[in-house]
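Engineer: Quick one: the structure is below, and I'll ask about it shortly.
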Amino acid sequence: MKLLPAGLVAALLLSLPVAARAQGPGPAQSPATSDPASIPARVELHPFPSRTLPDSAFLKGEEAGQPVTLAAELRLSQASGKQPVVVLMHGSGGVGANIEPWVEQFNAMGMATLVIDGFTGRGLTSVSSDQAKLGRLNFILDIYRALDILAKHPRIDTSRIALMGFSRGGQAALYASLDRFQKMWNRSGVTFAAYVPFYPDCAISFMDETDVAGVPIRIFHGAADDYDPVSVCQPYVARLKAAGRDVVVKEYAGAEHGFDTPFPLGRVEAPTSQTVRACTIRETEPGVLTNAATGQPFTYKDACVQLGPHVGGNAEAAAAAHTDVGAFLATQFKLKP
């Protein structure tokens, strides 16, 4: 097993800047990378307003915290007319190297993409080693606010919008489906037609958590993930299925956390990264997230918060995931071959 400094791990796997990604494709990138159809017809950068607020305020629907201006990159594909779009939400390391292959694949399929940057406008680059720097639910608010961009755009088919997120962004992509959160915070007038979380953290049980949008939720996870283990997600998935929701988990054998990054580094320890894999967190009353083991409000200083999970790209799992997600969206959005 390789051991790299935490900063280098974050930079390589989850937060490689856009400028560095432009140097060229890595060996695990999707086939769309070399496809001329993946070249966008137009690229637009959109600032949009959001807020930085504590999780307690988000859960109670309170307009607390500080206003913030964030940005999102919209790429329109070469397809004519109104286009379906995939919204992509990054993880704890910021907009990372795994995002570009997905954007190129979706553009090549005739879909637009909207990549949200939830960090730069807040003066952040990474929260992997200190998750308390930003409330976990801010990304959900950012996602809803970014929907305003798409709701008003003349080239976007608002009936065909998918939400895809990774790690912390995967958690946001999963829980953005909750009806309660939609009613409190989504004022765009449009909703998502599908939710595609990648290796999300599922440690929190929210009130009314099975009241979710009546559209497909497709979770993609690495079977070897010890950062946000799939085993932590399975109980919630079981509760959703028992409630009649359309949810499926796809596991990839031997795949670590961040397996879709285009660097096939294998298993790499992230020594200072925080994981809540050993925590059970419940919303015991509106706005109160409780550590089930202590009965006290959860904090990242709790004993259940551990360090040293693993990350790593997996070329085989990444290729399979690109195929699986592409097939799902092509069917969901009735895309022409």
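The values are calculated or read from the model by the stated rules, or taken from the named source; none is laboratory data. Given the structure is predicted, the values throughout are model-derived calculations rather than measurements. Methodologically, a virtual Cβ is constructed for each residue, glycine included, from the backbone with ideal geometry; neighbour enumeration extends over all protein chains shown. These area figures cover heavy atoms from the full protein model, side chains too; ligands, DNA and RNA do not enter into them. Shrake-Rupley method; radii C 1.70, N 1.55, O 1.52, S 1.80 Å.
Engineer: Cα atoms only, segment 267-311: Rg and Dmax in Å?
Structural biologist: 12.3, 39
Engineer: Going by the alpha-carbon gyration tensor, a ≥ b ≥ c the square roots of its eigenvalues, is segment 57-175 rounded (a/c under 1.5) or, if a/c is not under 1.5, prolate (a/b greater than b/c) versus oblate?
Structural biologist: Here segment 57-175 falls in the prolate category.
Engineer: To continue, here is another question. Can you give the calculated 222 nm mean residue ellipticity of the chain, where each DSSP H run of n ≥ 4 adds -39,500 (n - 2.57) and the sum is split over every residue, rounded to the nearest 500 deg cm²/dmol?
Structural biologist: Result for the chain, helices only: -7500 deg cm²/dmol.
Engineer: Hey, rough spin-label estimate for residue 324 and residue 159, points 7 angstrom out along Cα→Cβ, what's it come to in nanometres?
Structural biologist: 2.9 nm
Engineer: Can you spot the aspartates and glutamates whose alpha carbon is less than 15 Å from residue 60's alpha carbon? Ignore those fewer than 8 places along the same chain.
Structural biologist: Within the straight-line limit of under 15 Å, residue 60 reaches these aspartates and glutamates: 179, 208, 209, 283, 285.
Engineer: What does the C-alpha gyration tensor say about the overall shape of segment 251-337? Classify as rounded when a/c is under 1.5, otherwise prolate if a/b is larger than b/c, or oblate.
Structural biologist: Details: a/c = 4.11, a/b = 1.59, b/c = 2.59.
Here segment 251-337 falls in the oblate category.
Engineer: Under the classification rounded if a/c is under 1.5, otherwise prolate if a/b is larger than b/c and oblate if not, where does segment 80-141 fall, given a ≥ b ≥ c as square roots of the Cα gyration tensor eigenvalues?
Structural biologist: Verdict is prolate for segment 80-141.
Engineer: Name the lysines eligible as straight-distance cross-link partners of residue 250: C-alpha to C-alpha under 17 Å, and not fewer than 8 places from it in the same chain.
Structural biologist: 241
Engineer: Given points 7 Å out from each Cα along the Cα-Cβ axis, report the residue 280 to residue 211 separation in nanometres with one decimal.
Structural biologist: That separation, rounded to one decimal, is 2.4 nm.
Engineer: How large a share of the accessible area of the chain, in percent, is made up of carbon and sulfur atoms when the probe is 1.4 Å and the other protein chains stay in place?
Structural biologist: 56 percent
Engineer: Pick from 235, 216, 84: which residue has the top mean-square fluctuation in a GNM of the chain where Cα pairs under 10 Å get a spring?
Structural biologist: Checking each option, the largest mean-square fluctuation is seen for 235.
Engineer: Provide the per residue accessible area, probe 1.4 Å, for the chain, rounded to a whole number of square angstrom. Spell out each step's value before the answer.
Structural biologist: On the way: 13020 Å² over 337 residues.
Accessible area per residue, the chain: 39 Å².
Engineer: State the dimensionless ratio Rg/Rh of the chain (Rg: radius of gyration of Cα atoms; Rh: Kirkwood radius).
Structural biologist: We get a ratio of 0.93 for the chain.
Engineer: Would you mind putting 38-44, 197-203, 220-226 in packing order, based on average other-beta-carbon counts within 10 Å, highest first?
Structural biologist: In decreasing order of mean packing, 38-44, 197-203, 220-226 become 197-203, 220-226, 38-44.
Engineer: What ³J(HN,Hα) values, in whole Hz, does the Karplus curve 6.51 cos²θ - 1.76 cosθ + 1.60 give for segment 36-41 when θ = phi - 60°, with x put for Gly and Pro?
Structural biologist: So the J values, rounded to whole Hz, are x, 5, 7, 6, x, 6.
Engineer: Which residue fluctuates the most in the chain, going by a Gaussian network model with Cα springs under 10 Å, if the choices are 176, 112, 57?
Structural biologist: In the Gaussian network model the winner is 57.
Engineer: Short version: ³J(HN,Hα) in whole Hz for each residue of segment 223-236, in order, from phi by Karplus 6.51 cos²θ - 1.76 cosθ + 1.60 (θ = phi - 60°), x for Gly and Pro, what are they?
Structural biologist: 5, 9, 5, 10, 8, 10, x, 5, 4, 6, 7, 4, x, 5
Engineer: May I ask you to evaluate 6.51 cos²θ - 1.76 cosθ + 1.60, the Karplus curve with θ = phi - 60°, for each residue of segment 180-188 and list the ³J(HN,Hα) values in order in whole Hz, giving x for glycine and proline?
Structural biologist: Result, rounded to whole Hz: 4, 5, 4, 5, 6, 10, 8, 10, 7.
Engineer: So if we plug the beta-carbon distance of residue 80 and residue 132 into 1/(1 + (r/R0)^6) with R0 = 56 Å, what FRET efficiency do we get, rounded to 0.05?
Structural biologist: Taking R0 as 56 Å, the efficiency between residue 80 and residue 132 is 0.75.
Engineer: Setting aside same-chain residues fewer than 8 positions from residue 336, which aspartates and glutamates have a Cα under 18 Å from its Cα?
Structural biologist: 35, 104, 157, 324
Engineer: Which cross-chain or sequence-distant (5 or more) residues have an amide H under 5 Å from the amide H of residue 255, H modelled 1.01 Å from N in plane?
Structural biologist: For residue 255, the qualifying residues are 223, 224.
Engineer: Something else now. Using a Gaussian network for the chain with springs between C-alpha atoms less than 10 Å apart, which of these wobbles most: 88, 240, 147?
Structural biologist: Largest GNM mean-square fluctuation: 240.
Engineer: Which FRET efficiency value, to the nearest 0.05, do you get for residue 249 and residue 307 by plugging their Cβ-Cβ distance into 1/(1 + (r/R0)^6) with R0 = 30 Å?
Structural biologist: 0.70
Engineer: Given H placed 1.01 Å from N in the peptide plane, which residues other than close sequence neighbours of residue 83 have an amide H under 5 Å from its amide H?
Structural biologist: Here 156, 157 satisfy the definition.
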